[in-house]
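We did not get these values from a lab; they are worked out from the coordinates using the rules stated. For clarity, every value in this text was computed on a predicted model and none was experimentally measured. Here Cβ is always computed from backbone atoms with ideal geometry, including for glycine, and neighbour counts include all displayed protein chains.
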């Protein structure tokens, strides 16, 4: 496989992409898992499908449409979430379905042959372009900057939001910002593993990392490394078994999660 | 003399439900005030209103003579156990240090020498220094309560609010917390809320009885009648013979 990597630029792009998404995915995944916002991130991923459809209908880059839809949804859901948990849960579910439905509608309205949507649903890291890589790099930069600049505030907010409010930290702004950053990350992940499989990369590495890490920093770092391992392992599986890359990456991440839990069980029983 | 805390006619509503009704309450500097009342009687709401997390529909709150929205000094706050995630990757030292943070969100705010020194002193005082590197998940109830107290004290507040600080602690741990609070009380005004009458120690200087309305405020000598009004039912007034009993004994055994 090594020789193939050196030979084919699409494989090089795929590896770069894996490296870039690991950074933002590790950080955002950790926030999502610790804040118990898995449902919300699934919602945002599916809403972005509406934006992809709109992109095709208007003849603009579908990923731009996905960004717009995802960010708008993230802001909408965080405003609703201030009112009540239940309301935001229901809203997420409705946004989820409506976003997918809009995507299907927009694509049906697009003149000419319908585009192949499978790569957005199940992802294709092997077809990422230089533009995709650039977008991933920008998102990494934003996420890393915010996390390093506000690390201590983020840590206290995620641990005890009420105490953060007592310290007069602007928790509403922080929650909104986190949702927007999550939306950006989710869209770039959609490109790599697809809307349906995005949940695997957002949850499994962070969940495994939280078994290992003793601080927010170490959990984020470990989640990033595990994301990278999942991507590399998935790519290798996909290459050697000739199976779709998105599915292989998602299954690899799920396998790491299962493995970690089996080890944890065994250690608590016999350790 | 300016009062440490002054509430005038404070009313709080959640949607249409009334949580606090025209509450007047004050605490002098270095007071140790226990607010008692049943669950759902608005005790936590009272603290959150003082902290500015909950906005009253009516009334005025003054902290050391300043409106609570204008009061920029830190206020110490020890929340209930249930209000946060225990299974969070954070060490004891980082929790205590986080009390040193201030709002405003200055980017790249790192803990400085001063922050470490003050948190270190407080951890020494509360005898939790040896737990410094432990993740909070692995603490006992009593240890966690001390960590939360240390976090609140790290801001060096002049006013300390505690929400059920001794719930879920055994009596030995309770006594230790009260011993610490007594020391802190020498230069800090303390307001503590609890539904557990047995949790009240002799260190408390004043008592307020709250069940949406304020039923009593003053010396810790209250009658069965006031307890009855506050709790809506007769309550066994503190286990008899317990050393920290502060309520006057009464004839006959009352049960709910």
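Structure summary
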read-out	value
Whole-percent pair-distance distribution, where bins are 10 Å wide, for the alpha carbons of region B:90-156	23, 55, 20, 2
Distance (nanometres) between label positions extended 7 Å along Cα→Cβ at residue A:97 and residue A:262	3.8
Inter-label distance for residue A:38 and residue B:132, nm, one decimal - labels placed 7 Å from Cα along Cα-to-Cβ	3.7
10 Å binning of all Cα-Cα separations within the protein assembly as shown, expressed as whole percents from 0 upward	4, 17, 23, 21, 16, 11, 6, 2, 0, 0
Proxy reagent accessibility, fewest Cβ within 10 Å first, across A:195, B:207	B:207, A:195
Structure-based [θ]222 nm, chain A - -39500 (n - 2.57) summed over DSSP H runs of at least 4, per residue, nearest 500	-28500 deg cm²/dmol
Kirkwood estimate for region A:2-270, i.e. one over the average of 1/r between Cα atoms, Å	18.9
Residue order, fewest to most surrounding Cβ atoms within 10 angstrom, among A:8, B:203	A:8, B:203
Cβ neighbours within 10 Å from other chains - mean over A:211-219	3
